[in-house]
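Since the structure comes first, as structure tokens, the remarks are kept for the end.
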Amino acid sequence: MKILITNVVMLNTGDAAILMGLMSILKQAFGADVEFVIYDSKPEVSSKYYPKLTFRRWVYLDRRKFRQLGRWSDRLQQINQNYVLFAAWCWTHGFKQITKALLSPNELRALMEYASADLIVSTGGTYLVENYSLEKRIFDFQFSLLLKKPLMLFTQSLGPFSKPVHQTELQKIFNDAALILLRDRASLKHLEEISVNTQNSHVSSDAAFALAQPEAIQNPQPVPKNSRLKVAISSRQWSHFKHIDSKFGMRKYQESLSKATEYLVEQHGAEVTFLSTCQGIPEYWTDDSKVGEEIAAMVPDSIRQHVQVDHQFRPPEALLEQLKTYDFVIATRMHMAILALAAGTPVLPIAYEFKTRELFDRLQLGKWVHDIELIEPEEFTQSMEVFIQEIPEIRQTLAVGVIKEQQQALAAGAIAKQALEKWQSEQGNPGGKP
């Protein structure tokens, strides 16, 4: 069986954790001999870090192709997308010679790869929100559906969609998809708001929870007596503040983390490490360790010797092992939080999008979530101290919740298999090749 996984950004270790969990789930559902082809934003670079996987470049052609043409670039980009989509329509309607005439060799190879797939799965994540451009994602969905392939969207946090063009295009895509898996009920509500038929939509758990280690969660390593508290902090750059100025918001956020770091060292003798899922890859557009350096520079010199900024790249399984070594994690990146939880390490979360609060509410740990727009240094430090005192109780709560999330994540494979069988039946090809 051949499964294409699209919309992947493997250089973000959080996204890589989603992909690793997703492949594990699909293998459990469809068999260990599944062939995966992964459509990534930077396949050549991703191959360097994950050499055992098969990568291809996104079919969508980047605007930079037409950048030198100035104001004409947007128009030419739209024309280019439209003829690729028209070529896909021609292919499925028997006009293959027209398709071959329209497409470049690379485009034709991609089309034939899509056309030969048994299933196309758009990876999980948070890329269908209007903070980011949706154009490339919409194009990929349309391309898949025009080739009459079963399209599934794996565990998403998506919406809300306020722009009419997004509402119109996504409503049709979501209605035509074989399956939509959502990470939270807020996302399901966002589908209902644009009149999507949610019969094929299900709330599940983030695919990265498939990587959880129940033994580590249920039997955490005891903290040796007289040892220093070890804390990891995941920080990031954020510019999408909605209610306050972005520069002011980032300054307050960084001050909150620097004050928390200072308090941890002074009051708990802690060793603090800035560590994140987006670091150590110069080819990626951002590096969270730079924000970590900025925050570390804000603490007094007497504190700085107990603060490290980790710059090393780690794939998901290595990062998960590293996270086992900390007493707790302050996590801004959601998949830093998920990997820590998967390792049995308590998490004090900072939410920059609704997905984090939805997750921790489901884990019965919602009271610990701090909104990045509302965070205040003194209040955050006080909350952190209460969190430290309640870690034994928090461990018990997360042990139950995280194992439930893992079970739900793994169960998504059976849902996907049923959805594919239903799609095949509706196509008049029950049990056969799509």
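Nothing in this text is a laboratory measurement; each read-out follows from the coordinates by a stated rule. What you see is a predicted model, and the numbers here were worked out from it, not measured in a lab. All Cβ positions, glycine included, derive from the backbone under ideal geometry; neighbour counts span all protein chains shown.
Here region 325-382 is assigned +1 on the Cβ of each Lys and Arg and -1 on the Cβ of each Asp and Glu. Its dipole about the Cα centre then comes out at about 320 debye.
Measuring spread by the Cα atoms of region 280-427 yields a radius of gyration and Dmax of 18.5, 69 Å. In the distance distribution for region 236-293, Cα-Cα pairs more than 16 Å apart total 55 percent. Cα gyration tensor of region 281-336, axes a ≥ b ≥ c as square roots of the eigenvalues: rounded (a/c below 1.5), prolate (a/b > b/c) or oblate? Verdict is oblate for region 281-336. Relative to the Cα centre, the charge distribution of the chain, modelled as +1 at Lys and Arg Cβ and -1 at Asp and Glu Cβ, gives a dipole magnitude of about 1560 debye. Averaging the Cα positions of each part gives two centres, and for region 1-46 and region 106-125 these lie 12 Å apart.
In percent, rounded to a whole number, the relative contact order of the chain is 17, using alpha-carbon pairs under 8 Å and six or more apart. Computed from backbone phi, the HN-Hα couplings of region 120-137 come to 10, 10, 7, 4, x, x, 10, 10, 9, 10, 7, 5, 10, 5, 9, 4, 5, 6 Hz, rounded to whole numbers (Karplus: 6.51 cos²θ - 1.76 cosθ + 1.60, θ = phi - 60°; Gly and Pro given as x).
Taking every Cα-Cα distance in region 186-301 and sorting them into 5 Å bins from zero, the calculated P(r) comes out as 2, 8, 12, 13, 14, 15, 15, 10, 6, 3, 1, 0 percent. Ranked by the mean number of other Cβ atoms within 10 Å per residue, highest first, peptides 317-329, 30-42 order as 317-329, 30-42. Convex hull volume of the Cα atoms of region 78-197, normalised per residue: 105 Å³. Scanning residues 5 or more positions from residue 331 or on other chains, those with amide H under 5 Å from its amide H are 234, 348, 350, with H placed 1.01 Å from N in the peptide plane. Each pair of Cα atoms in the chain enters the Kirkwood radius, and Stokes-Einstein at 10 °C and 1.306 mPa s then converts it into a translational diffusion coefficient of 69 µm²/s. Positive-end ranking of 396, 246, 188 along the dipole of the chain, with charges on Cβ about the Cα centre, is headed by 188.
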